[in-house]
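One structure, pasted below without further comment.
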């Protein structure tokens, strides 16, 4: 007989409930409006490394949203002001201890600040909800120099291949792109060491990894105005100083689809409502998405997402 019991114990679910309450209190005190946007929509992300669940509705292909980002940006362009959302999101990826196809995401946007200022607010939220120590901040380039003694922005693919052979022999003969090698080495070698003394924010990623972030020049190098948050070796959040240029965003979507085609994946119809919203005028803002299940898992000192979810996928 199959078990009908929750995958999480009741004490963990009570802690989860309290954390969600604390999050809402945090935003209420800052007068940031809670919003809801569709989970099922006609468009989805073009990101080559994120895949969406498809749903057929009235002979139309729709998608379960991987995040509420596109819809929330449309609200911002319509004049909503600062907003946040706690919502279910869905991604087709391998299931594991820190991956579940359905998960809870906190996403919020603040007008008039850049990604570095938003880092300060994310740190404030962590201290409010988890009583964490003040976070440390380090640039992506400096992080690489400290851990692997290499500058990721100007190293060659051959240098990255050698590093891979040294640290991850099973991937030594893979034919990867520069960004794929960076991602492989970062996730396997650097990421597991981050955030054990205090939360760690990695900021100013390579311009080639900008996604929906603005690009700026820092110390003569072009960098993406984005950050990621790590606690105890786990990625918890991803934030951007949001791109406002509709033409540039369209170019990035087109480039994403070129990469998807090279990876033998379906190309994605571009969300022209988002492009129109950017053309209409997205306010100067920064936004961040934070994984609630991972946050609760760390708070409860559990090892798996299923230990803090009522009914995890199995």
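Which one, 176, 64, 106, has the greatest fluctuation when you compute a Gaussian network model over the chain with C-alpha springs under 10 angstrom?
Sorting by GNM fluctuation, first place goes to 176.
Further, regarding this structure: Using the 10 angstrom Cβ neighbour count as an exposure proxy, how do 93, 228 rank, fewest first?
On the way: 93 13, 228 19.
So the residues, fewest neighbours to most, are 93, 228.
Next up: For the chain, state the semi-axes of the equivalent ellipsoid (square roots of 5 times the eigenvalues of the alpha-carbon gyration tensor), sorted largest first and rounded to whole angstrom.
Whole-Å semi-axes of the equivalent ellipsoid: 28, 25, 23.
Then there is this: Just to be sure I understand: with springs between alpha-carbon atoms less than 10 Å apart, which residue in 202, 215, 168 has the highest mean-square fluctuation in the Gaussian network model of the chain?
Result: 168 has the largest fluctuation of those listed.
R0 = 35 Å: FRET efficiency of residue 95 with residue 21, Cβ-based, nearest 0.05?
0.75
Could you list 295, 92 in order of exposure, starting from the residue whose Cβ has the fewest other Cβ atoms within 10 Å?
Working: 295 26, 92 12.
Ascending Cβ contact count within 10 Å gives the list 92, 295.
Okay, moving on. Across the range 1-139, how large is the tail of the calculated P(r) beyond 26 Å, expressed as a percent of all Cα pairs?
For the range 1-139, the fraction of Cα-Cα distances above 26 Å is 38 percent.
Here is a follow-up. Counting pairs of alpha carbon atoms under 8 Å apart in space and at least six apart in sequence, what relative contact order in percent does the chain give? Walk me through the numbers before you get to the answer.
Working: 536 pairs, mean separation 77.4, N = 314.
Averaging sequence separation for qualifying contacts and normalising by length gives 25 percent for the chain.
What list of whole percents do you get for P(r) of the range 194-244, with Cα-Cα distances grouped in 10 Å bins up to the one holding the largest distance?
Going from the shortest bin to the longest, the percentages are 29, 43, 26, 2.
Follow-up question, since we're still on this one. Can you list, largest first and rounded to whole Å, the semi-axes you get for the range 119-178 by taking the square root of 5 times each eigenvalue of its Cα gyration tensor? Numbers along the way, then the final one.
On the way: eigenvalues 229, 35, 20 Å².
With the √(5λ) rule applied to the range 119-178, the semi-axes are 34, 13, 10 Å.
Which three extents, in angstrom, do the Cα atoms of the range 1-73 have along their principal axes, listed largest first?
The principal-axis extents, from largest down, are 49, 42, 27 Å.
Which distance in Å, rounded to a whole number, links the C-alpha centroids of the range 1-38 and the range 158-211?
Value for the Cα centre distance between the two parts: 32 Å.
For the chain, what does -39500 (n - 2.57) per DSSP helix run (n ≥ 4), summed and divided by total residues, give at 222 nm, in deg cm²/dmol to the nearest 500? List each step's numbers first, then the result.
Working: 9 runs with 108 residues, N = 314.
Here the helix-only value at 222 nm equals -10500 deg cm²/dmol.
Counting other beta carbons within 10 Å of each Cβ, put 94, 232, 303 in order, fewest first.
Working: 94 6, 232 16, 303 10.
Neighbour counts put them in this order, fewest first: 94, 303, 232.
Sticking with this structure for a sec: Which three numbers, in whole Å and largest first, are the semi-axes of the equivalent ellipsoid of the range 74-147 derived from its Cα gyration tensor as √(5λ)?
24, 22, 15
For the chain, with a Gaussian network of springs between Cα atoms less than 10 Å apart, report the residue from 291, 96, 81 with the top mean-square fluctuation.
96
Every read-out reported here was derived from the displayed coordinates using simple, explicitly stated rules and does not represent laboratory data. Owing to the predicted nature of the structure, the values given are computational and were not obtained by experimental measurement. With ideal geometry, Cβ positions are generated from the backbone for all residues, glycine too; neighbour counts draw on all protein chains shown.
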